[in-house]
Amino acid sequence: MGFFSVLGDCFQILKHTFRQVFKRPFTYFYPFEDRIYPERTRGRHIHVRENCTACAQCVRICPVVAIRMDKEDKMYEKDCALYFDYTRCIFCGLCVQACRFEALFHTPVVDLSEGDRDDLIYGPDKIETLDRDPLKWRGRRFR
Amino acid sequence: MADTSTMKASTFGRSVINKLPEVTSNLLSDSRIELVVPASKIRDVVQLVDEELSDALPESVFGVDLQNDQYNLIYIFWSWSNRLLVQLRVSLEGENPEIDSTCDIFPGLEWHERETREMFGIEFRNHPDPRLLLLPDELEGAYPLRKRFQSDLSRLDETGINPPKPRPKEGGEQK
Amino acid sequence: MSPDILDGSMDIWFGPQHVSAHGWATKLTLVGDYIVECDPNAGYFHRSAEKVLEFKNFRQGPLVLERMCMLEAFLAEYPYVAAVEKIAELEIPERAKVMRTIMMEMSRIHSIQFWWGQFNAELGFFTMALWPWVDREYSLDVFEELTGSRHTVSFSTPGGVKYDFTEKVMTQLNRAIDRFEDRLVKFKDMQLGSPTFRARTENIGLYDVKQGLKWGLSGPPIKACGVPMDLRKDDPDPNLAYDMVDFDVPITENPEHPGQSDAFDRMEQRFAEAETAVSIIKQLIPQIPEGDIVDPKARGKANRLPEGEAYARVEGTRGITSVWLKTEEKGQTAYRAKIRGPCIASYYALKDLVPGSKFADFIVIFGSLDPYPGWWDR
């Protein structure tokens, strides 16, 4: 245990410390900064109304009856409005696989919490767009 | 493990039938055999399984509701050194059918028998501990896995799709 | 034991709120510091999965099963899919077989990583609790990159698998495996070399093979006695690619008590299991063939099944995991599906195993059998 070996240990420790200082932190400043989700992430859905043919395959395959369709509500020729109940959805991905017309997709948006239970039932206005209210904190605007 | 000591499924079936002629066998594949056992002989057969296959592993016991008070009770044993899967099938009848308990031969079967009792209403005679296993007390005697136990399965009316039209019967006139 | 000893006994409910009780309530009767009676009570997780399966069609069914055990989600859903394939007589593409095997071993690794953390946290070894959970994150990243979900993978479907291996998935997979292989040596040194840990687990919860088999134990608790009982060798599923790899069944033999296993052996066995799983994945990665991942006709065939019965089982992380399935002619749903989880035996074996040991050792015995409530309560 000479003087130099102790000094060497000190430098070892300092080396690790400095490396950590200049590294990116491992944590994210959530919710203002989001983790990068993989492409296949099964988050909330998006409904592309132009392609929809109201074939009800997504409604039939859903194991938890989370999807409700309204055939009267037509925006294009043969589409329908979908209501997603995210209090029931288990994000299994069967509805997206059942859709043959490229009208239903998962998005990497997974933060769905709401203040009210009824807000979790996504109607046509919410399920067809990814726009969300801007998030403000200390005068800065995120999202 | 030497090959000479392994037992084929057909050999095992024959040795059981030689001792108990009431049993019939049904070869499922090379390593799987099904024995159809009358309810009164179940203890003898399980005893034989224990004797013939020294490393028999009791995998499970469960009931199958065939409706109209017909039940099948299925015992599954696995012997790894013989690569042999034995499936015993017992046909039972009646509102609350009864059968002898076998959990003194294989202690591992005790829980399965308790579960079968609460789910199907099949009584096991001489069972040391016939309490409810999984169900809450208020479901005692409801026998949830019987087919006549109705559960509110259909929420089809909530989905907004048209209910399926009943199929026209064959030979009938279509409207 | 004379009855007057029991006069001073005390009943303690271990669980269901206690975290180490895994959601089960075990009633222990103590005399002093020793357990004289153990009464396991299950049912706090009962979700009636077998009844639910009678109302779900064959593509929805695996979703119910993977919720039985989230730690080995793919392993859990696979027996159901295999049983459906047996009845429908579906052909599985070669690529899907290899992918399934890789995922199966991956979920085994993930489950073991989780169990280390859990077991060591119960014993108070918090370093060893958190280190495997770092590697577990890498395993979860593989699942997420591949299927889009971290736990409930929902990967297999009758006739093949749902998601294809991309280049990014392979990078993640290699990274997870390489990292885990590096760290495994470190863990082994840290855990098995620790005198505190040895003192805590050696000669605790001893049973022999014959007794274990009578209780219905399978998997690591039996292999730790030195018996190579493994379905991957003995009764391999035809739709998995275990015949393409060369591996030995991992066993643990302790010369101090041959044919018996204690908590320490079962711990050592989990290391051997993890090593085997890593070597199987490493052998399979270069062998992945090209081709389809799902049989295109399977979707139609799995809608309505012919009448039949099938019993499919795999070697799970905790033991034999199987599904017995009965279908009706043109049935859209299962007529009867019986789920046989491995923890049935390992939980109720406590009734005979625990009496006579100290109360503080109860959690060692309980944890070393690796119980998971979803498998028993279903």
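Of note:
- Violating pairs (Cα-Cα greater than 18 angstrom) within the set A:74/A:126; C:297/C:338; C:51/C:338; A:23/A:136; C:301/C:330: C:297/C:338; A:23/A:136
- Residue-wise HN-Hα couplings along the range C:42-54, as the Karplus relation 6.51 cos²θ - 1.76 cosθ + 1.60 with θ = phi - 60° gives them from phi, are 9, x, 6, 10, 5, 10, 6, 5, 5, 6, 4, 5, 6 Hz; Gly and Pro carry x.
- Chain A, helix-only ellipticity at 222 nm - DSSP H runs n ≥ 4, -39,500 (n - 2.57), divided by all residues, nearest 500: -6500 deg cm²/dmol
- Label sites at residue C:360 and residue C:256, each approximated as a point 7 angstrom past Cα along Cα to Cβ, lie 1.7 nm apart.
- Rounded to the nearest whole Hz, the Karplus-based 3J(HN,Hα) values (6.51 cos²θ - 1.76 cosθ + 1.60, θ = phi - 60°) of the range C:225-232 follow the sequence 7, x, 9, x, 8, 9, 5, 5, with x at glycine and proline.
- Springs between Cα atoms under 10 Å define the GNM used for chain A, and in it the highest mean-square fluctuation of A:115, A:123, A:43 occurs at A:115.
- Inter-chain Cβ neighbour count for C:141-152, averaged per residue, equals 4 (cutoff 10 Å, partner chain atoms only).
- Amide H contacts of residue B:100 (H built 1.01 Å from N, under 5 Å, at least 5 apart or other chain): B:125
- Between residue A:60 and residue A:102, the simple spin-label model (points 7 angstrom out along Cα→Cβ) gives 2.3 nm.
- Annotation: peptides C:234-244, C:266-276, ranked by per-residue average of other Cβ atoms within 10 Å with the highest first, follow the order C:266-276, C:234-244.
- Figure legend: label point modelled 7 angstrom from the Cα of residue B:100 along Cα→Cβ; residues of the range B:8-49 with amide N under 16 Å from it are B:19-23, B:37-49.
- Counting every other Cβ atom within 10 Å of each residue's Cβ, A:91, A:18 order from fewest to most as A:18, A:91.
- One equal scatterer on each Cα of the range A:45-142, no solvent, Debye formula: the resulting log10 I(q)/I(0) at q = 0.13, 0.18, 0.24 Å⁻¹ is -0.47, -0.83, -1.39.
- Long-range HN-HN contacts of residue C:157 with modeled amide H, under 5 Å: C:162
- Cα→Cβ-extended label distance, 7 Å offset, between residue C:17 and residue B:68, nm: 5.3
- Remark: A:17, C:101, C:166 ranked as A:17, C:166, C:101, counting other beta-carbon atoms within 10 Å and listing the fewest first.
- Sorting C:115, B:111 from the fewest to the most surrounding beta carbons within 10 angstrom yields C:115, B:111.
- Length added when fully stretched, residue A:39-residue A:15, from 0.36 nm per residue minus Cα-Cα: 5.0 nm
- Put simply, the amide H of residue B:24, placed in the peptide plane, has neighbours under 5 Å in B:36, leaving out anything fewer than 5 places away on its chain.
- Förster radius 30 Å - calculated FRET efficiency between residue B:140 and residue B:93 (Cβ-Cβ, nearest 0.05): 0.85
- The value for the protein assembly as shown of Rg(Cα) / (2.2 N^0.38 Å) is 1.03.
- Scanning chain A for cysteines with no neighbouring cysteine C-beta under 4.7 angstrom from their C-beta gives A:10, A:52, A:55, A:62, A:80, A:89, A:92, A:99.
- Calculated FRET efficiency, residue A:78 to residue C:47, Cβ-Cβ distance, R0 = 45 Å: about 0.70 to the nearest 0.05.
- Using θ = phi - 60° and Karplus 6.51 cos²θ - 1.76 cosθ + 1.60, couplings along the range A:61-75 (whole Hz; Gly, Pro as x): 7, 4, x, 10, 6, 8, 10, 10, 10, 10, 6, 6, 7, 10, 9
Laboratory data are not the source of any read-out in this text; all were calculated from the coordinates shown. In this text the structure is predicted, and so the values were computed from the model without any measurement. Glycine gets a Cβ as well: all are built from the backbone with ideal geometry, and neighbour counts include every protein chain shown.
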